[in-house]
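Taking it in order: structure first as structure tokens, then the write-up.
The values are calculated or read from the model by the stated rules, or taken from the named source; none is laboratory data. What you see is a predicted model, and the numbers here were worked out from it, not measured in a lab. Ideal geometry is used to build each Cβ from the backbone, glycine not excepted, and the neighbour counts take in all protein chains shown. With ligands, DNA and RNA removed, areas are computed over all heavy atoms of the protein, side chains included. Shrake-Rupley method; radii C 1.70, N 1.55, O 1.52, S 1.80 Å.
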Amino acid sequence: MKKTMSFLTAGCGLAVALSVPTSASAQRGATAAMDPANDPVQTLVSRLDLEKYKNTIKGLAQFGDRRQGTKRNRDAVTWIETQLKSYGCQNVERITYQYNPPPPNAAGRGGRGPVTSPNGRGRAGNGPGGSRIWSDMREHGANNDSLAQPDPAIRAINMEPTSPGERQEVICMKVGTKYPNEMYIIGGHMDGIGWGQAVNDDASGSAIIMELARILSMPDVQTERSIRFALWNNEETGLNGAKAYVEQRAPMQGKESPAGSGKYPEPKWLGMIQHDMMMVDHGPPTADGKLSPEQRLGADINIEFASTSKFADDAMKLAFFWRAANEKYATDYPAAVGPHMTNTDSDPFKDLVPSLSLRENERGSQIGGNWDPTHHQPIDVLTTYTDKDFMLGLTSAQTTLGAIGQLTGATVKK
Ligand SMILES: [Zn+2]
């Protein structure tokens, strides 16, 4: 009896969490599958454009590695804010918090797990987030050597060292017409490290959020539920920007303010989806640990949830909903689901609300096994990537726009 009860309880939880896609909008989706021309979500996804996505990434890359606690980072925050306002995104705000870390360690970062061993010196074994790495390759630690950057212009942009103190990050919103009191949060992190241009990590994810903010803010677009767009800062120091948001905003959820206004500064959270490192799927590195020159055949995007999180079952359902959106809306690359979400800004949310991360590879088994040798290195610059890499990033934008469009009941005025 007790077993049956707990099974029913779990079942109810799933039904509640995913009531939206199984109801009206899913029926609309089913109809639309037969007639894509009348699917408003398809109309929105069709507005994504590879050149626009690349241009947004280039806009972020002009601020170098955008290391937190520097002018180049603050200038990037201002640039993002200006863009979001120009798109007409609603409620553009800055989250303000303090970051006063202990003195940096030799690798130039604190608050993260152990620095991994060089390629070829490890053994098959455990990776980040409870994963297993099936090779003897391991990711490298972050570069903290200015001279490792061969381009003098990029080196000059990145010269100012980080200082402790006040930090800011930008958020904005699409306010729901029917349920302005509920929202999904989608995010990417705008800060980087490594003396490059932080193009893949994580201009590629930040640009997805900005492009979705642009498209969903178009005057002919309505959503029934709200959507939060978040451009986190301080991800590289230990998710401090996302943690500050959780600390400040979790208690505000679902409260109407001022009373009777119909306005909800922080709608109730329904899910959080992070986009971090979206473009490199070149498979394992070459024998000397360098980036394999071509995108691998069978490249895909990776949707991860944390099987150890409080909302594991609902997050798993949400991950497969995202995968289904990829099958329905993405043009070029498939998606795979994995259970070891880790090391990104969805982490502080995972025990409060179903949470996912989207990536180019599995964070643990693949990036942990050095499948992305651009990670935190001086080669994370625009000139490293081809259109195939940028298209892999755009595939995640198509996937998330397809999923979030359905979940929030998006429509387009004719
Ligand atoms: Zn990242």
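The table for this structure:
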{"quantity": "When residues of the range 243-285 are limited to those that are hydroxyl-bearing (Ser, Thr, Tyr) and surrounded by fewer than 13 Cβ atoms within 10 Å (Cβ to Cβ), the one farthest from the ligand (Cβ to nearest atom)", "calculated": "Ser261"}
{"quantity": "Any hit, the range 192-210, residues being at pLDDT 95 or above, farther than 25 Å from Asn361 by Cβ and not polar (S, T, N, Q)", "calculated": "no"}
{"quantity": "Residue that is open to solvent by 10 Å² or more (accessible area, probe 1.4 Å) and more than 20 Å from the chain's Cα centre (by Cα), where the choices are Asn158, Asn181", "calculated": "Asn181"}
{"quantity": "Qualifying residue in the range 322-341 (condition: of a type outside the set (A, V, I, L, M, F, W, C), open to solvent by 20 Å² or more (accessible area, probe 1.4 Å) and farther than 21 Å from Gly405 by Cβ)", "calculated": "yes"}
{"quantity": "Matching residues, the range 403-414, being touching a Lys or Arg at 6+ places or on another chain (Cβ under 8 Å) and either in a loop (DSSP other than H, G, I, E, B) or under 30 Å from Pro284 (Cα atoms) (or both)", "calculated": "Thr408, Gly409"}
{"quantity": "Residue in the range 348-362 that is open to solvent by less than 10 Å² (accessible area, probe 1.4 Å) and of a type in the set (Lys, Arg) present", "calculated": "yes"}
{"quantity": "Qualifying residues in the range 193-226 (those that are open to solvent by 10 Å² or more (accessible area, probe 1.4 Å) and within 15 Å of the ligand (Cβ to nearest atom)) - the one nearest to Glu256 (Cα to Cα)", "calculated": "Ile193"}
{"quantity": "Those residues of the range 139-155 which are part of a loop (DSSP other than H, G, I, E, B) and either among the aromatic types (Phe, Trp, Tyr) or surrounded by 14 or more Cβ atoms within 10 Å (Cβ to Cβ) (or both), in sequence order", "calculated": "Glu139, His140, Gly141, Ala142, Asn143, Asn144, Gln149, Asp151"}
{"quantity": "Criterion violated by Asn343 - all others in (1) more than 16 Å from the ligand (Cβ to nearest atom); (2) within 21 Å of Gly130 (Cβ to Cβ) satisfied", "calculated": "(1)"}
{"quantity": "Qualifying positions in the range 61-105 - β-branched (Val, Ile, Thr), open to solvent by 10 Å² or more (accessible area, probe 1.4 Å) and part of a strand (DSSP E or B)", "calculated": "Val92, Thr96"}
{"quantity": "All positions within the range 246-284 that are more than 17 Å from Val175 (Cβ to Cβ), in contact with a helix residue (DSSP H, G or I) (Cβ under 8 Å, 6 or more places away or on another chain) and not small (Gly, Ala, Ser)", "calculated": "Val246, Met272, Ile273, Gln274, His275, Asp276, Met277, Met278, Met279, Val280, Asp281"}
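Okay, residues lined up against (1) within 25 Å of Leu44 (Cα to Cα); (2) modelled with pLDDT of 95 or more; (3) out of contact with any Asp or Glu (no Cβ under 6 Å at 6 or more places or on another chain):
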| site | (1), (2), (3) |
| --- | --- |
| Leu291 | no, yes, yes |
| Ala306 | no, yes, yes |
| Asp313 | no, yes, yes |
| Lys317 | yes, yes, yes |
| Phe320 | yes, yes, yes |
| Glu327 | yes, yes, yes |
| Asp345 | no, yes, no |
